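Shown next, in structure tokens, is the structure this report addresses.
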Amino acid sequence: MAYEPALGLLELCSIARGIVCCDAVVKRAPVRLVHAGSTHPGKYTILVRGGVDEVIEALGAGKAVAGDTLIDRVLLPNPHDALLAILEGAAPAPLQALGVLESYGVASTLRGADAALKAAEVLPVSIGLARDLGGKGFFVFTGALHDVDAAMDAGKAAIGAGLLAGAEVVANPHPDVAAGLR
């Protein structure tokens, strides 16, 4: 059977329950814990990757343990390779036109980032997932202006109107802007 990569995230409103939930997730199926920890304002996020079936099983166990503390979740079967790379700390792409998606949640940020990367020829510059952001998330990407516009439309649609906090395009960013993005 071929390995199919997947990303899964659970976002909870309780740190205590989040730790218990994280334990259940990693005990349930052979997934790799990419990140687990508290975020602002008092939330807890668990991000795992592995095979699609394993991530589905792990998230199911986490959802059952999370109960009513679950805020949001996301399953991304076959996420874009560039999304996996930027989450693992890969070097950002050189700047062209910029797109910035901002969301009120971590799960919706991942949904928007994956959709943007899959919609057009854009590359990630940075991603922020709730740390020092009041629980919000953002995704910055770059490419030719027409690709950034197309990716922006797809990312906004994937985030959804109720969770979209901001969406901006910078057609020709000044070179000094790059220092503030990384």
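The values are calculated or read from the model by the stated rules, or taken from the named source; none is laboratory data. Keep in mind that what you see is a predicted model, and the values were worked out from it rather than measured. Cβ placement follows ideal geometry from the backbone for every residue including glycine, while neighbour counts extend to all protein chains displayed.
Observations, loosely collected:
- Evaluation of L47 against the conditions (1) part of a strand (DSSP E or B); (2) surrounded by fewer than 16 Cβ atoms within 10 Å (Cβ to Cβ); (3) not hydroxyl-bearing (S, T, Y) shows that the sole unmet condition is (2).
- The combined condition, being farther than 15 Å from P79 by Cα, surrounded by fewer than 15 Cβ atoms within 10 Å (Cβ to Cβ) and touching a strand residue (DSSP E or B) at 6+ places or on another chain (Cβ under 6 Å), is fulfilled by L33.
- In the range 11-41, the residues that are without any contact (Cβ under 8 Å) to a residue 60 or more places away in the chain and either touching a His at 6+ places or on another chain (Cβ under 6 Å) or not in a helix (DSSP H, G or I) (or both): L12, C13, S14, A29, P30, V31, R32, L33, V34, A36, G37, S38
- Tally, over the range 62-83, of residues that are surrounded by fewer than 18 Cβ atoms within 10 Å (Cβ to Cβ) and in a helix (DSSP H, G or I): 5
- Criterion violated by P124 - all others in (1) part of a strand (DSSP E or B); (2) under 21 Å from E11 (Cα atoms); (3) not β-branched (V, I, T) satisfied: (2)
- Test: residue in the range 107-116 that is among the polar types (S, T, N, Q) and not in a loop (DSSP other than H, G, I, E, B): yes
- Selection over the range 127-142 of residues that are surrounded by fewer than 20 Cβ atoms within 10 Å (Cβ to Cβ), assigned to a strand (DSSP E or B) and touching a residue at least 40 places away in the same chain (Cβ under 8 Å) gives a count of 1.
- Flag if G112 is surrounded by fewer than 18 Cβ atoms within 10 Å (Cβ to Cβ) and not assigned by TED's automatic domain parsing to the domain that holds L47: no
- Taking residues in the range 60-88 that are under 22 Å from G160 (Cβ atoms), and partners anywhere that are among the polar types (S, T, N, Q) and in a helix (DSSP H, G or I), the pairs with Cβ atoms closer than 7 Å and at least 6 places apart or on different chains are D72/S108.
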